[in-house]
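The values are calculated or read from the model by the stated rules, or taken from the named source; none is laboratory data. It should be emphasised that the depicted structure is a prediction, and the values quoted were computed from it without experimental measurement. Heads up, the Cβs are rebuilt from the backbone with ideal geometry, glycines too, and the neighbour counts pull from every protein chain shown. What goes into the accessible areas is simple: the full protein's heavy atoms, side chains included, and nothing from ligands, DNA or RNA. Shrake-Rupley method; radii C 1.70, N 1.55, O 1.52, S 1.80 Å.
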Amino acid sequence: MNHRPESSEGAEASLYYKEIDSIIGPLTLCATASGLCMIKFGTYDANSDTIAGWVKTQLGPAAQIYADAGSMSEAERQLAAYFSGELQSFSVPLDMRGTDFQRQVWEALLSVPYGESASYKDIAVMIGNPQAVRAVGGANNRNPVPVIVPCHRIIGAGGALVGYAGGLGIKSRLLQLEAEQAGPGLSGNYLF
């Protein structure tokens, strides 16, 4: 583990990480100088190889990884408020890197309201490409900032719970949390 650099020189080629506890287990938050770029289910140690590979690909081989010394406190605060049912929409800056198509899908995910769900087909229609259902599923699977970009709200045809990077148990727990907090008559179409 490296220590945080004293100056901002080289900050663009740095990634900062912080582990937090949550109701769905440990999460590792990762951010660049531009914003939150990744949330991984589990500890930093469990995800360090994946994170290092992302850093090398996205920031370059000279990029460094540092333990966060406080710059992610707002992301941590908002996630804690979400998990306690006090926050339904996030406002932390994001640095989401992917193809144009992936970013288009991730932007569409942000429009699925708290306490509701949508299908892969719904997202494909939303982005103006109704035949791209499988591609939408692939982009959804590569969402680098789960929970904040609510890929857990995307369900399969007929309302089936399908794939989630954190596992179907975590997906179900997030949907249940939102259904409970959305209020009577406002909860989405969930099958679990």
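Whenever a residue of the stretch 29-47 is without any contact (Cβ under 8 Å) to a residue 24 or more places away in the chain and hydrophobic (A, V, I, L, M, F, W, C), its partners that are open to solvent by 50 Å² or more (accessible area, probe 1.4 Å) and part of a loop (DSSP other than H, G, I, E, B), lying with C-beta atoms within less than 9 angstrom and at least six residues away or across chains, give the pairs Ala46/Pro26.
Remark: pairs (first residue in the stretch 118-138, in contact (Cβ under 8 Å) with a residue 24 or more places away in the chain and under 19 Å from Leu175 (Cβ atoms); second residue among the hydroxyl-bearing types (Ser, Thr, Tyr) and open to solvent by less than 50 Å² (accessible area, probe 1.4 Å); Cβ separation under 7 Å; 6+ apart in sequence or on different chains) = Val136/Tyr120; Gly137/Tyr120. Among the residues of the stretch 38-65 satisfying the criterion of being among the hydrophobic types (A, V, I, L, M, F, W, C) and part of a helix (DSSP H, G or I), which is nearest to Pro26 (Cα to Cα)? Within the stretch 38-65, the match that is nearest to Pro26 (Cα to Cα) is Ala46.
May I ask you to list the residues in the stretch 106-136 that are in a helix (DSSP H, G or I) and open to solvent by 20 Å² or more (accessible area, probe 1.4 Å)? Selection gives Glu107, Tyr120, Lys121, Asp122, Val125, Met126, Val133, Arg134, Ala135.
I'd like the full set of residues that are touching a Ser or Thr at 6+ places or on another chain (Cβ under 9 Å) and part of a helix (DSSP H, G or I), limited to the stretch 153-168.
Passing the criteria: Arg153, Ala157, Gly158, Gly159.
Only one entry of Ala80, Ala160, Ala108 meets the criterion of being over 27 Å from Tyr17 (Cβ atoms) and modelled with pLDDT of 95 or more, and that entry is Ala108.
This table checks each residue for (1) exposed (fewer than 14 other Cβ atoms within 10 Å of the Cβ); (2) among the polar types (S, T, N, Q); (3) at pLDDT 95 or above.
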{"site": "Arg4", "(1), (2), (3)": "no, no, no"}
{"site": "Ser7", "(1), (2), (3)": "yes, yes, no"}
{"site": "Ser14", "(1), (2), (3)": "no, yes, no"}
{"site": "Lys18", "(1), (2), (3)": "no, no, yes"}
{"site": "Pro26", "(1), (2), (3)": "no, no, yes"}
{"site": "Ala31", "(1), (2), (3)": "no, no, yes"}
{"site": "Ser34", "(1), (2), (3)": "yes, yes, no"}
{"site": "Cys37", "(1), (2), (3)": "no, no, yes"}
{"site": "Thr43", "(1), (2), (3)": "yes, yes, yes"}
